[in-house]
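Worksheet for the structure shown next.
The values are calculated or read from the model by the stated rules, or taken from the named source; none is laboratory data. Small disclaimer: the values here were computed from a predicted structure and weren't measured. Virtual Cβ from ideal backbone geometry, glycine too; neighbours counted across all protein chains shown. Please note that ligands, DNA and RNA were not included when accessible areas were found on the heavy atoms of the full protein model with its side chains. Shrake-Rupley method; radii C 1.70, N 1.55, O 1.52, S 1.80 Å.
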Amino acid sequence: MIPVSKPYLPERSKLDKYLDRIYETHWLTNNGELLRELERRLASHLNIDKEQLILVANGSLALHLAYKALGLKGEVITSPFSFIATASTIKWEGLEPIFAEIDSGTWNLDPASIEKRISSHTSAIVPVHVFGNPCDVTAIQSIADKYQLKVVYDASHCFDIRLGGESVLMHGDISTISFHATKLFHTVEGGAIVTKSKALAEKIRKMINFGIGEPYKFDCIGTNAKLNEFQAAMGLAMLDEIDNVQSKRAHLWDTYADLLSNRGVGAQVRHEDANSNHAYFPVVLKSDHQVVEVINLLEAEGIQARRYFYPSLDTIDYLGAISRCEISNDIASRILCLPLWPDLKESEVRKITDLVQEVVDK
Ligand SMILES: *Cc1c(COP(=O)(O)O)cnc(C)c1O
């Protein structure tokens, strides 16, 4: 079976080197030495200030904390073309997700549509840099400034993405990222919050630890969103191998792109001033029917492809959308992510593209 993604496991001896330190100190969690080392190394790798980076237990909690720390109220405008967590965390926090339309090329929120959805109850915009493709951050920030709204970017897919040479995580009031096992860089489960605001960063550091400032002082409402030392060990071992992981992914991604370009398969329009991290290989086919045909053919050959993101979130009852987003529904019905992970073989990519082509050329 060839899965759509396969969590990367760093060399056992490298991981053991970090785990040995946990066994020596018996420090398992609560701002341990491995966590601090990971924060330092990640910040330097991503080219951001370490004061601006807060590691948390997972990417969903990063979103919850972002909304809470900013004190959002009422309505939040977000993307219907995303993983369920973007919108469900909004709803869970007692906020109303309002879906704006996406652009049919970039698959990111269309700024003109964001502006149309603003009401007197809107407190924030939560755009998603879909598949690590940066949004139109300039247009979104100017809308936010005009209506005095907060911006939280769901940058879950944005490990190592730079926009105009700077980390894309520097945009918005807060950006969040996920380090889940299936993401490009992972800590088994994990995530991070990035903010330029020193005051916000300080508040969030307390919020992830029950709101505790110093011993016996409870400064604000908090929860438990800490990343533990075992997770940090995995992150450090992953970082040791990240260059290798990325070059393997880039090679496979390029192979897919070469084989499928101009062959009746649609691709995402990427931001001109940004790099790609080759985390996903999404294609857009002619119809929902064609997607199902490709999935079935691949499956018969023991290959798994996934409909990311499907269905469009405005169709999910409990999220309570009031209007349909036609473009998002159209893209969601025709999208397919093909297998992509570091140790996938080039011959397997060739086989997969042959099978896709067989259906597309019919
Ligand atoms: C993975 C993901 C999340 C959630 O992250 P977890 O670490 O799995 O909680 C949120 N948003 C998007 C777009 C994601 O892909």
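Would the stretch 306-317 turn up any residue that is under 28 Å from His186 (Cα atoms), of a type outside the set (Phe, Trp, Tyr) and assigned to a helix (DSSP H, G or I)? The answer is yes; a qualifying residue exists.
Report whether or not Val292 is touching a residue at least 60 places away in the same chain (Cβ under 8 Å) and farther than 22 Å from Ala181 by Cα. Write out each step before concluding.
Values: touching a residue at least 60 places away in the same chain (Cβ under 8 Å): no; farther than 22 Å from Ala181 by Cα: yes.
Criteria not met by Val292.
Once the stretch 1-60 is narrowed to residues that are of a type in the set (Asp, Glu) and open to solvent by 40 Å² or more (accessible area, probe 1.4 Å), the residue that is nearest to Val283 (Cα to Cα) is Glu11.
Let's see how each residue does on (1) more than 16 Å from the ligand (Cβ to nearest atom); (2) under 23 Å from Tyr8 (Cβ atoms):
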{"residue": "Phe185", "(1), (2)": "no, yes"}
{"residue": "Lys196", "(1), (2)": "yes, no"}
{"residue": "Ala199", "(1), (2)": "yes, no"}
{"residue": "Ile208", "(1), (2)": "no, no"}
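If you filter the stretch 284-314 down to residues that are hydroxyl-bearing (Ser, Thr, Tyr) and touching a helix residue (DSSP H, G or I) at 6+ places or on another chain (Cβ under 7 Å), you find that the one that is least open to solvent (accessible area, probe 1.4 Å) is Ser312. In a residue-by-residue description of the stretch 69-83, the property of being at pLDDT 95 or above, in a helix (DSSP H, G or I) and either among the aromatic types (Phe, Trp, Tyr) or surrounded by 19 or more Cβ atoms within 10 Å (Cβ to Cβ) (or both) applies to at least one position. Would you be able to say whether some residue in the stretch 56-64 is in contact with a His (Cβ under 7 Å, 6 or more places away or on another chain), in a helix (DSSP H, G or I) and of a type outside the set (Ser, Thr, Tyr)? Taking every residue of the stretch 56-64 in turn, at least one turns out to be in contact with a His (Cβ under 7 Å, 6 or more places away or on another chain), in a helix (DSSP H, G or I) and of a type outside the set (Ser, Thr, Tyr). Of all residues in the stretch 224-245, those that are open to solvent by 60 Å² or more (accessible area, probe 1.4 Å) and closer than 15 Å to Gly191 by Cβ total 1.
Got a number for residues in the stretch 166-203 being β-branched (Val, Ile, Thr) and either at positive phi or open to solvent by 40 Å² or more (accessible area, probe 1.4 Å) (or both)? Qualifying residue count, the stretch 166-203: 2.
I'd like to check something: does the stretch 89-98 contain any residue that is under 18 Å from the mean Cα position of the chain (by Cα), touching a residue at least 12 places away in the same chain (Cβ under 8 Å) and more than 16 Å from the ligand (Cβ to nearest atom)? No, the stretch 89-98 contains no residue that is under 18 Å from the mean Cα position of the chain (by Cα), touching a residue at least 12 places away in the same chain (Cβ under 8 Å) and more than 16 Å from the ligand (Cβ to nearest atom). Could we say that Lys248 is open to solvent by 40 Å² or more (accessible area, probe 1.4 Å), over 30 Å from Gly165 (Cβ atoms), touching a residue at least 24 places away in the same chain (Cβ under 8 Å) and out of contact with any strand residue (DSSP E or B) (no Cβ under 8 Å at 6 or more places or on another chain) here? Spelling it out, it is not the case that Lys248 is open to solvent by 40 Å² or more (accessible area, probe 1.4 Å), over 30 Å from Gly165 (Cβ atoms), touching a residue at least 24 places away in the same chain (Cβ under 8 Å) and out of contact with any strand residue (DSSP E or B) (no Cβ under 8 Å at 6 or more places or on another chain).
Of all the listed residues (Ser333, Ser328, Ser323), the sole one being part of a helix (DSSP H, G or I), away from the ligand (no atom under 16 Å from the Cβ) and not charged (D, E, K, R) is Ser333. For the stretch 145-165, filtered to residues that are without any contact (Cβ under 8 Å) to a residue 60 or more places away in the chain and open to solvent by less than 10 Å² (accessible area, probe 1.4 Å), the residue that is nearest to the ligand (Cβ to nearest atom) is Ala155.
Beta carbons closer than 7 Å, at least 6 apart along the sequence or on distinct chains, pair a first residue in the stretch 106-134 that is over 11 Å from Ile77 (Cβ atoms) and assigned to a helix (DSSP H, G or I) with a second that is open to solvent by less than 10 Å² (accessible area, probe 1.4 Å) and at pLDDT 95 or above for Val130/Phe81; Val130/Ser82; Val130/Trp107; Val130/Asn108; Gly132/Cys158; Gly132/Ile161; Gly132/Asn277.
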